[in-house]
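A.B. asks: Below you will find the structure I want to go over with you.
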Amino acid sequence: MPTSYVRYRPDLEVPFPDEEELTRQVVQAMLHANQQVAAKHRHGLRDAHAKSHGVLAGELRVLPDLPEHLAQGLFARPRTYPVVLRLSTAPGDLRSDQVPVQRGFALKVIGAEGPRAVEDGFTTQDFLLVNHPTLPFGNIAEYAKLQGLLEKQPQQSDQQLQRAGLAARAAAKALTAAHRPLPPAVETLAAANHNILGETFHSMAAVRYGDYVAKISAAPRSANVRSLTGKPVAKRDGESALRDIVTEFFRREGAEYELRAQLCTDVERMPVEDASVLWPEELSPHQSIAVLSFPAQEAYSDERRRWADDVLSFNPWHALEAHRPLGSIMRSRRRAYPRSSEFRHTYNGIAEHEPSSIDELPQ
Ligand code: HEM
């Protein structure tokens, strides 16, 4: 029987009770943590994913001959778009790369034409991906609890965070062996310290995919990055191990990643409003939609770091209407990202700017 993909309709989204108030609380708590970190460094950083490890220029090549269900939105025609990629780690502070934390893969596609999800006048389509398929705190009420955990982090040392990670990984191992579900806090803290370039990155939450609904992911495609999957970061590599991995790799060679869409086929088992639910691959596989290629380059010059960290903002709401972010987590991000961005740009006295050409990326 042919697969039947769920059609996008606005009522797939159902506002969460008290969503406005919960979002306000989360954004307020984030701002508080952000102020503490800025005071520590005398510089405003992102409230999440503060530490970057590489800023890459590349291309997104939409695959030719995509079937109708995949030839949607940005991927409707076999075009090539310039992209900027910012690689990061999740804390809203500059932690040692020996602390195992989630990695971020923030992609900015330049030259995306079409109606916007919000009228921002931009021509960018951002996809913000993390190396875990689900957000354990999957709706705004649960996320508000995570925020409580994160807010304590500015006062914790790298060693305390390292110990918390070790304890969480031991708990995750024991619970998995006993076939028991992982509590969200354990799942969040149990990240492994693996080479960032070998990871697979996920949108965790859903987006509109033209006429359909999908989660987006990026997986290593070329053999050189596939061979890095699961390779631990060596202890001796120090505080900036991830930056060194990325810069040394791209000084020598380029890499390709595969961009994929997992389309929703069942609204009950693949919910839009709960990002903690893993969409089963037996119901709907990840299907290739584009190739991301990054040639060999100087991946982290001071000019690039300053531009990506201090000028740019990546935001899931920098989006075409065809890729409107969906669900309460995504809706809360509509308020959180501009607030964080505004804080650091004001604190640093640097104007925010959204690029319209890849030529703006410094070498
Ligand atoms: C689906 C779950 C999520 C994913 C995959 C995700 C991913 C990311 C990534 C990759 C970045 C780094 C962007 C960059 O390189 O500039 C980022 C930044 C950020 N995230 Fe999230 N995030 C998620 C949920 C949330 C939620 C629920 C909130 C708060 C309500 C949030 C708040 C932030 C903030 C404030 C920033 C910094 C924005 C800036 O100052 O420019 N994120 N996120």
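Every number in this text was worked out from the coordinates using simple rules, so none of it is lab data. The model shown is predicted, which means the values in this text are computed figures rather than measured ones. Every residue, glycine among them, receives a Cβ derived from its backbone with ideal geometry; neighbour counts consider all protein chains shown.
A.B. asks: What net charge is computed for the residues neighbouring SER301, neighbours being all others with C-beta under 13 Å from the C-beta of SER301, Lys and Arg scored +1, Asp and Glu -1?
C.D. replies: That works out to +1.
A.B. asks: Would you be so kind as to identify which of VAL6, VAL62, GLN155 lies farthest towards the positive end of the dipole of the chain, taking Lys and Arg as +1 and Asp and Glu as -1 on Cβ and the Cα centre as origin?
C.D. replies: Toward the positive end, the furthest listed residue is GLN155.
A.B. asks: Taking the Cα centre of the chain as origin, work out the dipole magnitude from +1 charges on Lys and Arg Cβ and -1 charges on Asp and Glu Cβ, in debye rounded to 20.
C.D. replies: So the dipole magnitude of the chain works out to roughly 940 debye.
A.B. asks: Can I ask one more? Per the helix-only calculation at 222 nm, which mean residue ellipticity applies to the chain, given -39500 (n - 2.57) for every DSSP H run of n ≥ 4 and division by its residues, nearest 500 deg cm²/dmol?
C.D. replies: Counting only the DSSP helices, I get -9000 deg cm²/dmol.
A.B. asks: Within the chain, which is the longest segment that contains none of the trypsin sites (Lys or Arg not before Pro) sitting in a DSSP loop with at most 12 other Cβ atoms within 10 Å?
C.D. replies: Longest site-free region, per DSSP loop and neighbour criteria: 153-363.
A.B. asks: 7 Å from Cα along Cα→Cβ at both ARG252 and LEU175: what's the point-to-point distance in nm?
C.D. replies: Label at ARG252, label at LEU175, 3.8 nm between them.
A.B. asks: Output wanted: per-residue J couplings in Hz (rounded whole) for region 226-238, from phi through Karplus 6.51 cos²θ - 1.76 cosθ + 1.60, θ = phi - 60°, x for Gly and Pro.
C.D. replies: Computed from phi, the couplings for region 226-238 are 4, 6, 8, 4, x, 7, x, 6, 6, 4, 5, 6, x Hz.
A.B. asks: When only DSSP loop residues count, what chymotrypsin sites (Phe, Trp or Tyr not before Pro) in region 119-202 have their Cβ near at most 12 other Cβ atoms within 10 Å?
C.D. replies: none
A.B. asks: Would you mind calculating the gained length between ARG61 and GLN35 on full extension (0.36 nm times residue separation, minus the Cα-Cα distance), in nm to one decimal?
C.D. replies: Using 0.36 nm per residue and subtracting the Cα-Cα distance, I get 5.4 nm.
A.B. asks: Amide H neighbours of ARG79 under 5 Å, at least 5 residues apart or on other chains, H built in the peptide plane: list them.
C.D. replies: Sorted by chain and number, the residues that satisfy this are VAL62.
A.B. asks: With a ≥ b ≥ c the root eigenvalues of the C-alpha gyration tensor of region 153-206, is it rounded (a/c under 1.5), prolate (a/b larger than b/c) or oblate?
C.D. replies: It comes out oblate by the Cα gyration axes.
A.B. asks: Still on this structure: Quick one: which residues, 5 or more positions from ASN195 or on another chain, have an amide H under 5 Å from its amide H? H modelled 1.01 Å from N in the peptide plane, none for Pro or chain starts.
C.D. replies: The answer is GLY230, LYS231, VAL233.
A.B. asks: What order do you get for TYR337, TYR212 when you list them from fewest to most C-beta neighbours inside 10 Å?
C.D. replies: So the ranking, lowest neighbour count to highest, is TYR212, TYR337.
A.B. asks: Okay, next question. Excluding ALA190 itself, calculate the net charge of residues whose Cβ lies under 9 Å from the Cβ of ALA190, where each Lys or Arg counts +1 and each Asp or Glu counts -1.
C.D. replies: Result for the local shell: +1.
A.B. asks: Further, regarding this structure: Do the alpha carbons of any pairs in LYS51/LYS145; LYS145/LYS173; LYS40/LYS231; LYS40/LYS173; LYS51/LYS108 sit beyond 25 Å of each other, and which pairs?
C.D. replies: Among LYS51/LYS145; LYS145/LYS173; LYS40/LYS231; LYS40/LYS173; LYS51/LYS108, the Cα-Cα distance tops 25 Å for LYS40/LYS231; LYS40/LYS173.
A.B. asks: Could you please report the charge total around ALA174, scoring K, R as +1 and D, E as -1 over all other residues with beta-carbon less than 14 angstrom from its beta-carbon?
C.D. replies: Result for the neighbourhood of ALA174: +2.
A.B. asks: In nm, what is the difference between 0.36 nm times the number of residues separating ASP237 and GLU342 and their Cα-Cα distance?
C.D. replies: So the chain would gain 34.4 nm between ASP237 and GLU342.
A.B. asks: Indicate the helices, whole DSSP H runs only, in the chain that combine a mean Kyte-Doolittle hydropathy of -0.5 or more with a Cα extent along their long axis of 18 angstrom or more.
C.D. replies: Membrane-span-like by this rule: 158-177.
A.B. asks: Follow-up. With contacts defined as alpha carbon pairs under 8 Å and 6 or more residues apart, what's the relative contact order of the chain in percent?
C.D. replies: Normalised by residue count, the contact order of the chain is 26 percent.
A.B. asks: Which whole-angstrom value gives the distance between the alpha carbon centres of region 229-294 and region 14-89?
C.D. replies: Region 229-294 and region 14-89 have Cα centres spaced 14 Å from each other.
A.B. asks: Another question, then. DSSP loop (so not H, G, I, E, B), at most 11 other Cβ within 10 Å: list which GluC sites (Glu not before Pro) in region 98-183 pass both filters.
C.D. replies: Those that pass, being in a loop and sparsely packed, are GLU113, GLU119.
A.B. asks: Additional query: Suppose a student asked you for the relative contact order of region 247-343, using Cα pairs under 8 Å spaced at least 6 residues apart; what percent would you report?
C.D. replies: 32 percent
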